[in-house]
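The values are calculated or read from the model by the stated rules, or taken from the named source; none is laboratory data. As the structure is a prediction and not an experimental result, all values here were calculated from the model. Here the Cβ positions follow ideal geometry from the backbone for every residue, glycine too, while neighbour counts run over all protein chains shown. Note: areas computed on protein heavy atoms with side chains; ligands, DNA, RNA excluded. Shrake-Rupley method; radii C 1.70, N 1.55, O 1.52, S 1.80 Å.
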Amino acid sequence: MTTDQDLTIDGQPATAMFAAKGIDVTPSKDQGVIKVVKRQGLDGERPMIGDRVVVHYTGKLLTGKTFDSSRDRREPFCFNVGKGQVLKAWDIAVLSMQRGEVCTFLCKPEYAYGSAGNPNKIPPNSSVVFEMELLKFEGEVLTDDSGIIRRIKVKGDGYTNPNDGASVEVHLEGKCDGRLFDCRDVSFVVGEAEDKGVPFGVDRAMDKMQKGECCLLYLKPKYGFGNKGKPEYKIGPDKDIIYEVTLKDFQRAKESWEMDLLEKLNLAVGVKHKGNQYFKAGLYYQAVIQYQRIVSWLEMECGSGLDQHKKIQTFILTSHLNLALCFLRIKEFSQAVEHCNKAIELDENNEKALYRRGEARLLRNEFSLAMEDFQLVLQVNPSNRAARAHISICQSKIKEHHEQDKKTYANMFQKFAERDAKVSKLTALVFQSFPEFYDLPKHFLR
């Protein structure tokens with residue numbers, strides 16, 4: 001540890017100030033991280049494990065030398081607290097703070113840079129001091145559309161998580177507008193939570209949780225009860241809901257590499273049936289999970305004979321076709337095109353794949369490409385009246401598009417002409433008013 005300890009805070013030696021005013025915030029109370037509050041926070045709420053936090057900080061040695069500062073860079077620092085992304089001292093420190101709070105922390109080496117230190121900056125076995133300001137924090141976003149946000153109240157144990165097909169035991173407490181509407185212990189299969197009346201968002205959060213974890217899940221309607229609501233819970237359409245979820249226990253499903261081909265094929269029958277049930281019920285997101293499981297199991301398999309190979313190809317082809325249809329229903333047209341392409345790779349003349357790709361492209365306003373697909377459908381099946389009707393729609397859309405382009409360009413050229421006319425008129429007026437300009441070289445008038 002450094003011996004030249006002359007850092008002062010508020011006019012007194014740092015170590016004396018921490019001894020007099022400091023609070024030990026380490027869970028083990030071993031004096032590893034001592035906190036002194038310089039400015040109280042704005043409210044009583046503190047970050048939870050996994051929250052995305054934004055801080056300003058300045059790090060100093062006990063000699064008073066600054067070794068790092070976000071303020072010098074004029075850029076706050078962001079991280080997910082409690083996830084081991086930063087120094088152990090930081091995770092402990094920030095979890096103790098409120099929004100707007102400014103604190104100074106004395107951190108022992110084992111909570112900071114340890115016996116190695118940091119070359120050219122921090123000597124080995126150095127205690128360090130951080131001044132930190134918690135600017136803001138928000139829950140951990142689990143989906144690209146921010147439809148599921150998690151805040152961890154109690155961290156779980158271990159390093160494994162439930163996967164699709166895992167059996168889980170959870171305790172649930174659901175709230176809407178502050179009213180408790182659901183409180184129960186329930187077991188379900190991940191990917192099939194709908195069968196037990198558990199919202200889709202809770203199901204999708206399972207693969208991020210660990211045994212013993214208790215978290216809050218903030219669910220947008222897409223991941224809650226959608227535009228239909230839940231009448232039995234007296235929840236109307238398009239309502240945000242909050243679930244507190246405790247993962248009591250789980251049993252992981254076998255991964256693809258843990259199963260032989262025969263086991264995969266046998267499981268695929270039931271999973272396909274489950275996917276079809278969800279599709280018929282209009283639960284397209286749930287259906288997608290089932291069909292994707294089949295693809296993940298079989299896409300790298302070849303089989304030991306012609307019959308087995310055909311069976312594998314049939315499962316994969318059907319799954320891609322079903323996935324394309326699901327994505328059409330939920331208006332994710334790029335995904336629909338992608339799965340149609342994969343189906344066409346397996347069967348280039350597949351009528352359903354060509355037709356569904358045409359539908360997706362039409363809905364993406366790719367009218368010429370869509371028309372090509374519908375024409376290919378007619379080559380495969382000349383009696384497909386739907387494809388013929390869609391070709392007419394595409395032709396009409398292409399014509400509308402061309403007419404719109406004509407109007408756009410006509411307006412553009414009209415504006416250019418009006419501008420040129422104004423410039424010519426102004427130039428003539430200048431020459432009328434100042435005849436001497438006639439004698440100037442032309443480049444003066446540009």
Would you mind computing, in nm to one decimal, how far apart the modelled labels at Lys136 and Glu400 are, each placed 7 Å from Cα along Cα→Cβ?
-> 4.0 nm
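Work out which helices of the chain, taken as complete DSSP H runs, extend at least 27 Å along their axis over the Cα atoms and score a mean Kyte-Doolittle of -1.0 or more, then list them.
Result, helices passing both filters: 261-280, 306-329, 385-433.
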Positive end of the charge dipole of the chain (Lys, Arg +1 and Asp, Glu -1 on Cβ, about the Cα centre): tell me which of Cys107, Gly64, Val141 has its Cα farthest that way.
-> Val141
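Rounded to the nearest 0.05, what FRET efficiency do Gln31 and Thr160 have when you use their Cβ-Cβ distance and R0 = 35 Å?
On the way: r = 34 Å, r/R0 = 0.97.
FRET efficiency, Gln31 to Thr160: 0.55.
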Under Karplus coefficients 6.51, -1.76 and 1.60, residue-wise ³J(HN,Hα) of segment 43-54 in Hz, glycine/proline x = 8, x, 7, 10, x, 10, 4, x, 4, 7, 10, 10
Positive dipole terminus of the chain, leading residue within Ala336, Val186, Asn80 (C-beta point charges) | Ala336
Kindly state, to the nearest 0.05, the FRET efficiency for Ala386 paired with Lys310, given R0 = 22 Å and r defined as their beta-carbon distance.
-> 0.15
Which value in nm describes the separation of the simple spin-label points at Lys228 and Asn266, placed 7 Å from the Cα toward the beta carbon?
-> 3.4 nm
How would Leu262, Leu42 rank on accessible area, largest to smallest, probe 1.4 Å?
-> Leu42, Leu262
Accessible area in square angstrom per residue, segment 79-211, 1.4 angstrom probe = 42 Å²
Net dipole in debye of segment 258-322 [+1 Lys, Arg Cβ; -1 Asp, Glu Cβ; about Cα centre; nearest 20] | 340 debye
Considering the dipole of the chain built from charges on the beta carbon (Lys and Arg +1, Asp and Glu -1) around the Cα centre, which of Leu363, Phe130, Thr246 is farthest to its positive end?
-> Leu363
How big is the accessible area of Asp240 in square angstrom, nearest 10, if you roll a 1.4 angstrom probe over the protein chains?
-> 80 Å²
Roughly how much of Lys153 is accessible, in Å² to the nearest 10, using a 1.4 Å probe?
-> 100 Å²
Please give, to one decimal in nm, the separation of the simple spin-label points placed at Val54 and Gln85, each 7 Å out from Cα toward the Cβ.
-> 1.4 nm
Does segment 237-307 come out rounded, prolate or oblate, given a ≥ b ≥ c as the square roots of the eigenvalues of its C-alpha gyration tensor, rounded meaning a/c under 1.5 and, failing that, prolate meaning a/b above b/c?
-> oblate
Taking H placed 1.01 Å from N in the peptide plane, check which residues at least 5 places from Gly50 or on another chain put their amide H under 5 Å from its amide H.
-> Val81, Gly82, Lys83
Of the candidate values [x] 39.4; [y] 58.9; [z] 18.9, the one computed for mean projected area of the Cα convex hull in nm² from this structure is [x]
Theoretical gain in end-to-end length, Asp145 to Asp185 [0.36 nm per residue, Cα-Cα removed] = 11.5 nm
Between segment 319-386 and segment 126-147, what is the C-alpha centre distance in whole Å?
-> 44 Å
Counting only residues 5 or more places away or on other chains, whose amide H sits under 5 Å from the amide H of Gly32 once H atoms are built in the peptide plane?
-> Thr26
For Arg71 and Glu348, calculate 0.36 nm times their separation in residues minus their Cα-Cα distance, and state this gained length in nm to one decimal.
-> 93.8 nm
The set of residues whose placed amide H lies less than 5 Å from the amide H of Ile241, leaving out same-chain residues fewer than 5 positions away, is Leu219
Could you tell me the accessible area of Phe188 in Å² (1.4 Å probe, neighbours in place), rounded to the nearest ten?
-> 10 Å²
Reachable aspartates and glutamates from Lys254, Cα under 13 Å, same-chain residues fewer than 8 places away excluded?
-> Asp164, Glu263
Calculated from backbone phi, Karplus (6.51, -1.76, 1.60) coupling profile of segment 56-64 in Hz, x at Gly/Pro = 10, 8, 9, x, 10, 7, 5, 7, x
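Expressed as a whole percentage, what fraction of the accessible surface of the chain belongs to carbon and sulfur atoms when a 1.4 Å probe is rolled over the protein heavy atoms?
The value for the chain is 51 percent carbon and sulfur by accessible area.
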Under the classification rounded if a/c is under 1.5, otherwise prolate if a/b is larger than b/c and oblate if not, where does segment 196-291 fall, given a ≥ b ≥ c as square roots of the Cα gyration tensor eigenvalues?
-> oblate
Once every DSSP H run of n ≥ 4 in the chain is given -39500 (n - 2.57) and the sum is divided by its residues, what mean residue ellipticity at 222 nm do you get, rounded to the nearest 500 deg cm²/dmol?
-> -13000 deg cm²/dmol
